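Input: a single structure, listed below in structure tokens.
The values are calculated or read from the model by the stated rules, or taken from the named source; none is laboratory data. The structure presented is a predicted model; accordingly, all values stated were derived computationally and were not measured. When we count neighbours, we look across all protein chains shown, and the Cβ atoms used for this are built from the backbone with ideal geometry, even at glycine.
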């Protein structure tokens, strides 16, 4: 049926009946115009409707887009991981890169090194100091999506102890680990251990996925904010932010690449050429170079604290002349610690006792034996070199270099005590010093409170056997609260420092260099611990 209209009938919108017999070109032009109009209207409608929906959901869509981090950083380090197996590789490199970045611990640590909530949001300690109850966060999971609850914590601690993973020694007093529900874990001890919380913020407290199946040597599976997205052994280790991380702490860094160098001077060169953003920690020679560059504002330096101490260990066994406390004290007076520290170009500080500035109970013991060559020489004069075969045997690993040996030798020679310096390989050092005890002095690293018990153990490297120190350590171990622990630890440290089983040459003050595109760079103990999530962006 043909539709009809009068010639003077209004043409609403230019639309004509599809079968009108006249004006074909006009009708086609009108039809195209109408289609364009509909498309425009539909497009505008979609935009408006989409905008309305986004507006209604702006707390998710707009704000999420604004807060999405987009910063990548490259970190230069000389701490090279030998593998990714944080359970078995005792080197600092794997710990520096993975601890609290990929793997999280039952207890964490704050910027000063004190225990802080980690996987456990809180904890309580029994009145006798032998039972710790940890209350876990809810809705935790590993990076593969597996739920993390109390059963994983219990299994992990048991595995660390029974398999003797790195850090297992710190759990020697543990008699039982159990959980009453999915969010509560209890650790029971045979005797109080005031250092337990600190230990649980390190490898002894790592929580692993009990159902995860990976090759730990080449892969990593943790509950932390980052995953390992690439690893080229000896060269690079890349971390990528896990966007599904269970925690709430925001991160400005989406990707962090640890780039490894054979020496710290090369790290500074890489920083100068903008190949890396951060270099840590700097060694003495590199520190001198970096200090000059920092004056030109190419980058900034931050100095932190650590518990990494270098000790001049005396052989205090009865068959050694240094079994006499007076001779050990004489040596401490003769050593010029200020010059020894200065030789490290700002990367270390003086320390006079077994605790570091990061340890509970620390107090400054550097004034016990102030440099006094004349006093030291007078005390040492009671011990003729004939008592020690003409000279003291100073044997230490060659990795420490000749400078420290030359300094000690010269300073003791000024007080009339001859020294023979011998640098040896690690294997020879172990055989000569650790096994045969054929030495008078040696060098050894110590880690503050973590190694404090060494001085209460006659079987230790020095062979120091002091009833006073042993009783003082028993008091530390018997501490039932933080106040008693601090008091007893300080008393123990003073006892040990006074009796001088070693001379604490210096404690590391790690220096980190960074360019001005990053902020809030970690500073403490950076050779072993470098949390990426707190780094900010200046861009």
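Quick notes on this one:
- Flag if residue 160 is at pLDDT 95 or above and in contact with a helix residue (DSSP H, G or I) (Cβ under 6 Å, 6 or more places away or on another chain): yes
- Checking each residue in the stretch 493-519 for being farther than 30 Å from residue 286 by Cα and free of Cβ contacts under 8 Å to residues at least 60 places away in the same chain picks out only 495.
- Answer residue from the stretch 317-348, given it is within 34 Å of the chain's Cα centre (by Cα) and buried (at least 19 other Cβ atoms within 10 Å of the Cβ) and is farthest from residue 403 (Cα to Cα) among those: 332
Rundown of residues vs (1) free of Cβ contacts under 8 Å to residues at least 40 places away in the same chain; (2) crowded, with 19+ Cβ neighbours inside 10 Å; (3) more than 23 Å from the chain's Cα centre (by Cα); (4) part of a loop (DSSP other than H, G, I, E, B), yes/no style:
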residue: 121; (1), (2), (3), (4): yes, no, no, no
residue: 151; (1), (2), (3), (4): no, no, yes, no
residue: 154; (1), (2), (3), (4): yes, yes, yes, no
residue: 160; (1), (2), (3), (4): no, yes, no, no
residue: 175; (1), (2), (3), (4): yes, no, yes, no
residue: 204; (1), (2), (3), (4): no, yes, no, no
residue: 208; (1), (2), (3), (4): no, yes, no, yes
residue: 218; (1), (2), (3), (4): no, no, no, yes
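- Flag for residue 341 being modelled with pLDDT of 95 or more and closer than 30 Å to residue 113 by Cα: yes
- Looking across the stretch 409-446 at every residue that is over 18 Å from residue 391 (Cβ atoms) and crowded, with 17+ Cβ neighbours inside 10 Å, the one that is nearest to the chain's Cα centre (by Cα) is identified as 446.
- Whichever residue in the stretch 93-107 is in contact with a strand residue (DSSP E or B) (Cβ under 8 Å, 6 or more places away or on another chain) and either at pLDDT below 95 or within 15 Å of residue 526 (Cβ to Cβ) (or both) and, among such residues, is surrounded by the fewest Cβ atoms within 10 Å (Cβ to Cβ): 93
- Test: residue in the stretch 346-364 that is over 30 Å from residue 302 (Cβ atoms), outside any helix (DSSP H, G or I), free of Cβ contacts under 8 Å to residues at least 24 places away in the same chain and in the same structural domain as residue 504 (by TED's automatic domain parsing): no
- For residue 90, the conditions (1) touching a strand residue (DSSP E or B) at 6+ places or on another chain (Cβ under 8 Å); (2) farther than 20 Å from residue 209 by Cα all hold with the exception of (1).
- Scanning the stretch 297-309 for residues that are surrounded by 22 or more Cβ atoms within 10 Å (Cβ to Cβ) and in a strand (DSSP E or B) returns a single hit, 309.
- Residue within the stretch 237-247 that is in a helix (DSSP H, G or I) and either more than 18 Å from residue 96 (Cα to Cα) or in contact with a strand residue (DSSP E or B) (Cβ under 6 Å, 6 or more places away or on another chain) (or both) present: no
- Taking the listed residues 232, 236, the one that is surrounded by fewer than 14 Cβ atoms within 10 Å (Cβ to Cβ), without any contact (Cβ under 8 Å) to a residue 24 or more places away in the chain and over 20 Å from residue 118 (Cα atoms) is 232, with no other qualifying.
- In the set 405, 401, 367, 390, only one residue is surrounded by 14 or more Cβ atoms within 10 Å (Cβ to Cβ) and either out of contact with any helix residue (DSSP H, G or I) (no Cβ under 9 Å at 6 or more places or on another chain) or over 19 Å from residue 442 (Cβ atoms) (or both); that residue is 405.
- Residues of the stretch 239-264 classified as farther than 15 Å from residue 73 by Cα and surrounded by 17 or more Cβ atoms within 10 Å (Cβ to Cβ), total: 5
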